[in-house]
Amino acid sequence: MVKQRKPVKKILGIIDNRTPHRKFEDYAEKYLKKKYTGFSIKPQHHSHTTSTYTDFYGQNKYDSKDRFTAEVKHVNKLTKTHIDQAAFVYPRFPKEKLAIISKSTEVSENLKEYANKRKVKIVRLREDFH
């Protein structure tokens, strides 16, 4: 009779206590690092002039004017407020503004048009964490 081995995490007592939103942010960071090679990517970037945070801020290592900001939203339904958060440019002035959402997030056609007007690109990732 062969004995079943316990998973290493159970033996060591390691428990992943991160919230689903935090897990999704980590997944989004991996996506951004893969897509934007050659960029310096900072999570939870703080602006001292406006006291605002963005989930991710990336700046090209070779062209300082090539930048992006990304807001990660792990919600059931995307709203205009979420798009406005992603569209906020001062003082970072990004070339690309991203709203990263999970595969189960609902997005209406009106909201897609609104995001297009605000020049926010909606990126839907494959994974979903609940």
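How much of the calculated P(r) for the stretch 19-124 lies past 20 Å, in percent of all Cα pairs? Show your work: numbers first, answer last.
On the way: 2019 of 5565 pairs.
I get 36 percent for the Cα pairs in the stretch 19-124 exceeding 20 Å.
Sorted ascending by nearby beta carbons within 10 Å, beginning with the fewest, I41, I122 become I41, I122. Here the 3J(HN,Hα) profile of the stretch 118-123, calculated from phi with Karplus coefficients 6.51, -1.76 and 1.60 at θ = phi - 60°, is 7, 6, 10, 8, 8, 10 Hz, Gly and Pro shown as x.
All of the numbers you see were taken from the coordinates with simple rules; none came from a lab. Nothing here was measured: the structure is a model prediction, and the numbers come from that model. Neighbour counts are summed over all protein chains in view; Cβ atoms, including those assigned to glycine, are modelled from backbone coordinates with ideal geometry.
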